[in-house]
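Engineer: Got a structure for you, written out below as structure tokens; questions coming shortly.
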Number of protein chains: 2
Amino acid sequence: MTKMRESEIIRMFIEEFDNHALGDDAGFVRFNDSWLLVTSDMLVWRTDVPDFMTPEEAGKKVVTMNVSDIAAMGGLPLAFFFSLGVPENTDEKTLRGIAKGINKGAKEYGVKIVSGDTNEAREIIIDGGAIGRGSRLLLRSNAKPGDLVCVTGELGRPLTALLLWLKGEEIPPKILEKAKNPKAREREGIELSNYANSAIDISDGLSKELWEIARSSNVRIVIDEDKIPVNEEVREIVKDPIKIALASGEEFELVFTIPKENLGNISFDFTIIGRVEEGEGVYIKREDKMERLPILGWEHLKGGDYVNL
Amino acid sequence: MTKMRESEIIRMFIEEFDNHALGDDAGFVRFNDSWLLVTSDMLVWRTDVPDFMTPEEAGKKVVTMNVSDIAAMGGLPLAFFFSLGVPENTDEKTLRGIAKGINKGAKEYGVKIVSGDTNEAREIIIDGGAIGRGSRLLLRSNAKPGDLVCVTGELGRPLTALLLWLKGEEIPPKILEKAKNPKAREREGIELSNYANSAIDISDGLSKELWEIARSSNVRIVIDEDKIPVNEEVREIVKDPIKIALASGEEFELVFTIPKENLGNISFDFTIIGRVEEGEGVYIKREDKMERLPILGWEHLKGGDYVNL
């Protein structure tokens, strides 16, 4: 018996595959004259749904997670599909809540529900997926030296909510809001497909996503600590707001790199947090010191390192 | 707590959905000038993988199940995607076997692997899906009075293998072969899209699939007991070969209805088992008596009724 981490398992699968398009936010295949984008993302109730979420919120979140992956490729989301694993003793109210949430998400993002399947399983599992259409794809491997590094929205609330919840403390409503009901940046993704060079959605934390872009694009990314858009409530509550903002996942904000001359074309709010340079790695400027940025994703927090807020 | 059957759960979900394309072998959405077909089908190791199957066979079967759904719509399979649920103590050999099987299936059916995701779960779950392109869809709701009812291949081996296995008896190699390595009829599906009126793949047993077509198309289907293509080895082993052939699922053969004048265009082997008439229900001619056909799918066998071979 070998204990493999999730990323190692996927790497092993990729080793075995002859014809694949894995490794970005969504896979893609040519379809008529467009790119057909496909992504799937599984939610395991026991580990992925804290009890402050309702079944409806969980159902909607599965749609959001998948639409967000399409958005991060610069695609137009078209369709959602899912498979359910359902233990025998699951109550109808929970299932109906999940159904309502999926419907709500599908309406919000304008996607058609094209496939649904259900099976008896030991725990509740909602495996969702989305399909989109793209013309110019925002690959994480396409960041160019000279690009500015930008991010939508504000960071920190989902992780703050989770850490307070793990400690059994009350979660302020404004913090809870985004943890319960995150939104995919589907309109922003489509707009960016015309102007940005690369994009990724923040599902595992800003620091991890920046490393993904830097590695895939063979570039160096330098960000400025002062520029990171930390949410105001998070700043008031936690000891190290920057660390929380760098580690907070399931934000579904978009990180993108874009040539400076294209900035004027963007119609939505965003924050410039750094730039792309020749070289490798991700660096952060703190006051006047430059530090190599560690990866602070949730996979790395599980040990409990940062549970102390 | 309410105990709901899988079909009831899906019906409840459909009630809640405003914009969906559920209820056929695969969902569909317009994409440029074609139909984009999407299906997903979950395999739960504990309940769906008997121990006579290797991990590689299970991995390949997930591809087959999904490609078969695309074939049953008359679509060209383009892409495969999956999510894995993996318990912590899963050995690497099992996972690598699954990966090899998925790759084998993808090569056999010429599909690109476009998305893969993995999560920690209580049991091994492989949730797969496929995407295809269709021009003229073979809906199960489009059977027309006057059509002939046809089926590809031979029936009975998967259920016979399963029943022998449940009894702890040896399974003859020729019976085992199809249970371990079923094949999707992807070329037949594409050819039929030009000539047939409706089609469905046999995942839950011939009798259940015939009822699906009859109900969805508002027609009567009459089949002839003597015409059902029961596999020769199955005929030699079991007491009631017709019952087994009607109930045997995971055959992945195609049942289709087709106007008589189009038969000459079909280049592959198939068997005419009956015809479509005005009316409702599914009937079977046994000697000179006409009987209403009961649904004999696996969901109905679980009680153990037919374990006695």
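Where a number appears in this text, it was derived from the coordinates with a stated rule and is not lab data. No experiment lies behind these values; they were computed from the predicted model shown. Don't worry about glycine lacking a Cβ; one is built from the backbone with ideal geometry, like all the others, and counts go over all protein chains shown.
Engineer: Provide, for the stretch B:4-145, the number of lysine pairs with alpha carbons under 15 Å apart, each pair being eight or more places apart or on different chains.
Structural biologist: 9
Engineer: Can you list residues from other chains, or at least 5 along the same chain, whose modelled amide H is less than 5 Å from the amide H of B:ASN19?
Structural biologist: Sorted by chain and number, the residues that satisfy this are A:ILE113.
Engineer: Could you give, in nm with one decimal, how far B:ASP18 is from each other copy of that position, shortest first, with labels 7 Å out from Cα toward Cβ?
Structural biologist: 4.6
Engineer: Hey, another quick one. Over the stretch A:148-301, how many pairs of lysines fall under 16 Å by alpha carbon, counting only those 8 or more apart in sequence or from different chains? Mind showing how you got there, number by number?
Structural biologist: Numbers: A:LYS167/A:LYS239; A:LYS174/A:LYS183; A:LYS208/A:LYS243; A:LYS227/A:LYS243; A:LYS227/A:LYS285; A:LYS227/A:LYS289; A:LYS243/A:LYS285.
Qualifying lysine pairs in the stretch A:148-301: 7.
Engineer: Same structure again: Please report the projected area of chain B's Cα convex hull averaged over all directions, in nm².
Structural biologist: 17.4 nm²
Engineer: Here's something else I'd like to know. For the protein assembly as shown, what proportion of DSSP beta bridges, expressed in % and rounded to the nearest 5, is antiparallel?
Structural biologist: 75 percent
Engineer: About the Cα centre of the protein assembly as shown, what is the dipole size in debye to 20, counting +1 per Lys and Arg Cβ and -1 per Asp and Glu Cβ, all else neutral?
Structural biologist: Charge dipole, the protein assembly as shown, about its Cα centre: 500 debye, nearest 20.
Engineer: Just the number: Rg to Rh for the protein assembly as shown, Cα atoms, Kirkwood Rh, two decimals.
Structural biologist: That ratio equals 1.01.
Engineer: Additional query: What fraction of the DSSP beta bridges in chain B is antiparallel, stated in percent and rounded to the nearest 5? Could the numbers behind the result be given before it?
Structural biologist: Details: 44 of 57 bridges.
Counting only bridges with both partners in chain B, antiparallel ones make up about 75 percent.
Engineer: Using θ = phi - 60° and the Karplus relation 6.51 cos²θ - 1.76 cosθ + 1.60, list the HN-Hα couplings for the stretch A:217-231 in order, rounded to whole Hz, with x at every Gly or Pro.
Structural biologist: Result, ordered by residue: 9, 6, 9, 9, 10, 10, 10, 10, 3, 5, 8, 5, x, 7, 4 Hz.
Engineer: Using a label position 7 Å from Cα in the Cα→Cβ direction, what is the ascending list of nm distances from A:GLU236 to the same site in the other copies?
Structural biologist: 8.1
Engineer: Can you tell me how the stretch B:6-134 classifies by the Cα gyration tensor, rounded, prolate or oblate, using a/c under 1.5 as the rounded cut?
Structural biologist: The shape class here is oblate.
Engineer: Between the stretch B:56-77 and the stretch B:240-288, how far is it from one alpha carbon centroid to the other, in angstrom?
Structural biologist: Result: 21 Å between the Cα centres.
Engineer: For the stretch B:120-229, would you read off the P(r) tail past 18 Å as a percentage of all alpha carbon pairs?
Structural biologist: Values: 3746 of 5995 pairs.
Counting every Cα pair in the stretch B:120-229, those more than 18 Å apart make up 62 percent.
Engineer: If you don't mind, there's one more thing I want to ask. Can you give the charge dipole size of chain B about its Cα centre, rounded to the nearest 20 debye, using +1 on the beta carbon of Lys and Arg and -1 on the beta carbon of Asp and Glu? Before the final figure, lay out the partial values.
Structural biologist: Numbers: 40 positive and 54 negative charges, 66 e Å.
Roughly 320 debye for chain B.
Engineer: At A:PHE268, with labels set 7 Å past Cα in the Cβ direction, how many nm apart are the copies from this one, shortest first?
Structural biologist: Shortest to longest, the spacings are 4.5 nm.
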